[in-house]
Amino acid sequence: QGTRDHPPAHTALRDRLLAAVVACFKRHGAVAIDTPVLELRETLMGKYGEEVKLIYELQDQGGELLALRYDLTVPFARYLAMNKITNMKRYHIAKVYRRDNPATTRGRYREFYQCDFDIAGQFDPMIPDAECLKILHEILSDLQLGDFLIKVNDRRILNGIFAVCGIPESKFITTCCTVDKLDKVPWEEVRSEMVGEKGLSPEAADHIGEYVQLHGGLELIERLLQDPKLSQNKLAKEGLGDMKLLFEYLTLFGITGEISFDLSLARGLDYYTGVIFEAVLLQQENDHVEEPVSVGSVAGGGRYDGLVGMFDPKGRKVPCVGVSIGIERIFSILEQRMKASGEKVRTTETEVLVATPHKHLLAARLKLISELWGAGIKAEMLYKKDPKLLKQLQYCEDTGIPLAAIVGEQELTDGVVKLRDVATRVEVRMPFLYLLPKVLPKCRGC
């Protein structure tokens, strides 16, 4: 449950998505790494807040307590510490595992891909953070998913709010996890959980509610910097100062139209220490709705300056910030759209089908296709000695192969190949030596 097989059409669509994401990561100078799917259980524990219950733990295997990786961030931090790396810009695309309640129609599985981009190292404030948001904006724009919104907050601002509202520090993380539910349930339910389950006073919960329901941009940041209580809290003041700087950089990138400073964003993972962000896709339910409604989170990330130090024997810290793209969620959305439109996904990259119109020409087909493969051209042929030409051309139409290289008895006599455009049915005869280096490479992608 919560896993699935991917038929060729699904795999082709997913590969197309991943190629677009990887192209963006490479454009920003990232290198690729890979880590084992198995981690020591102790590596993962204590990093994910209340979500720790979703980790797949394995029984004792030869003296080691192991678990399946829950995300790609903690393994990256462990990798940096083990290899004493203090500066790296990396991407990692791999499967992760969560013992969650699956919701396949919404792209939530127990086994799924994550696409992570992270910048590790000591740099001037907010420059790497701004680039991570720029990357997220580029990917969501490139994939043409429709309108989206990137919510941004800072864990220091949240902790400062909890402090001025009288919440003890021991309850910061658990309160954070409750606030993080505001994108799914109304404030009344969140307040009820704070008071009924987390033991906060009604007054403290109401006070928190005055802040966490705010969202805006630079104007809101300026207003909060003047807030009599928050301005006296060191953590909140630091967070708001960095948030102001971040928005100045995002303005220079020209992407603030899709970014909102949202105080309800909490992201319940323990390891975040600064800026946090999450991207949601938006849709208009009808023409009369002014406010677009969210159709689900498709990416998230943030700053985690203390995580690497947890794995270093001497506790040496490496500041890090990163973003994770939820490719399965995006895939589910595109899959539904394609199903609704009836669009077909081409599952192969074959450029030409080698065909013959007459019997007893298998040798000619084998010789020609071997030459094509040797030249690096993606080619196919039917696995029958004497297939009918109509069947061969029908195969081209069914699979989207754009060209057919036809060799008949007359072509063999004349030393030529008949090249047929499957879509237009236009045919041209040309010498094979001319066909191979000049014509087929130009036709790639047609």
Note to self: Quick test for you: out of 406, 377, pick the one residue that is surrounded by 12 or more Cβ atoms within 10 Å (Cβ to Cβ) and in contact (Cβ under 8 Å) with a residue 60 or more places away in the chain.
What the structure shows: 377
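Identify, please: which residue in region 121-130 is open to solvent by less than 40 Å² (accessible area, probe 1.4 Å) and out of contact with any helix residue (DSSP H, G or I) (no Cβ under 7 Å at 6 or more places or on another chain) and is, among those, farthest from residue 275 (Cα to Cα)? Before the answer, list the steps.
Taking region 121-130 and keeping what is open to solvent by less than 40 Å² (accessible area, probe 1.4 Å), we get 121, 126, 128-130.
Now drop any that are not out of contact with any helix residue (DSSP H, G or I) (no Cβ under 7 Å at 6 or more places or on another chain), which leaves 121, 128.
Working: 121: 16, 128: 11 Å.
The residue in question is 121.
Residue-by-condition table, conditions (1) touching a Pro at 6+ places or on another chain (Cβ under 7 Å); (2) closer than 19 Å to residue 311 by Cα; (3) surrounded by fewer than 20 Cβ atoms within 10 Å (Cβ to Cβ):
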residue: 87; (1), (2), (3): no, yes, yes
residue: 92; (1), (2), (3): no, no, no
residue: 95; (1), (2), (3): no, no, yes
residue: 98; (1), (2), (3): no, no, no
residue: 109; (1), (2), (3): yes, no, no
residue: 116; (1), (2), (3): no, no, no
residue: 119; (1), (2), (3): yes, yes, no
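Looking at region 183-192, which of its residues are open to solvent by 30 Å² or more (accessible area, probe 1.4 Å) and within 21 Å of residue 276 (Cβ to Cβ)? Steps first, answer last, please.
Here is the first cut: in region 183-192, the ones open to solvent by 30 Å² or more (accessible area, probe 1.4 Å) are 183-189, 191-192.
Hits for region 183-192 are 183, 184, 185, 187.
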Note to self: Tell me yes or no: at least one residue of region 132-149 is open to solvent by less than 40 Å² (accessible area, probe 1.4 Å), in a loop (DSSP other than H, G, I, E, B) and closer than 24 Å to residue 114 by Cα.
What the structure shows: yes
Next item on the list: Hey, can you tell me all the residues within region 337-361 that are part of a helix (DSSP H, G or I) and either touching a residue at least 24 places away in the same chain (Cβ under 8 Å) or acidic (Asp, Glu) (or both)?
Entry: 338
Notebook entry, point to check: If you go through region 386-434 one residue at a time, how many are assigned to a helix (DSSP H, G or I) and of a type in the set (A, V, I, L, M, F, W, C)?
Noted result: 7
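Can you tell me which residue in region 199-240 is surrounded by the most Cβ atoms within 10 Å (Cβ to Cβ), limited to those that are among the polar types (S, T, N, Q) and within 16 Å of residue 159 (Cα to Cα)? It would help to see each step written out before you state the result.
Our first condition is that a residue be among the polar types (S, T, N, Q); within region 199-240, this holds for 201, 213, 226, 231-233.
From the residues that got through so far, the ones that are within 16 Å of residue 159 (Cα to Cα) too are 213, 231-233.
Numbers: 213: 13, 231: 14, 232: 12, 233: 20.
Out of the qualifying residues, it is 233.
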Note to self: Looking at (1) open to solvent by 30 Å² or more (accessible area, probe 1.4 Å); (2) in a helix (DSSP H, G or I), which one does residue 364 not meet, given that it meets all the others?
What the structure shows: (1)
Check: Pick from region 15-56 the residues that are open to solvent by less than 30 Å² (accessible area, probe 1.4 Å) and among the charged types (D, E, K, R): which of them is modelled with the lowest pLDDT?
Finding: 47
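The values are calculated or read from the model by the stated rules, or taken from the named source; none is laboratory data. Every value quoted in this text rests on a predicted model; they were computed, and no experiment measured them. Cβ sites come from the backbone with ideal geometry, for glycine too, and all protein chains shown count toward neighbours. Surface areas here come from the heavy atoms of the whole protein model, side chains and all, with no ligands, DNA or RNA. Shrake-Rupley method; radii C 1.70, N 1.55, O 1.52, S 1.80 Å.
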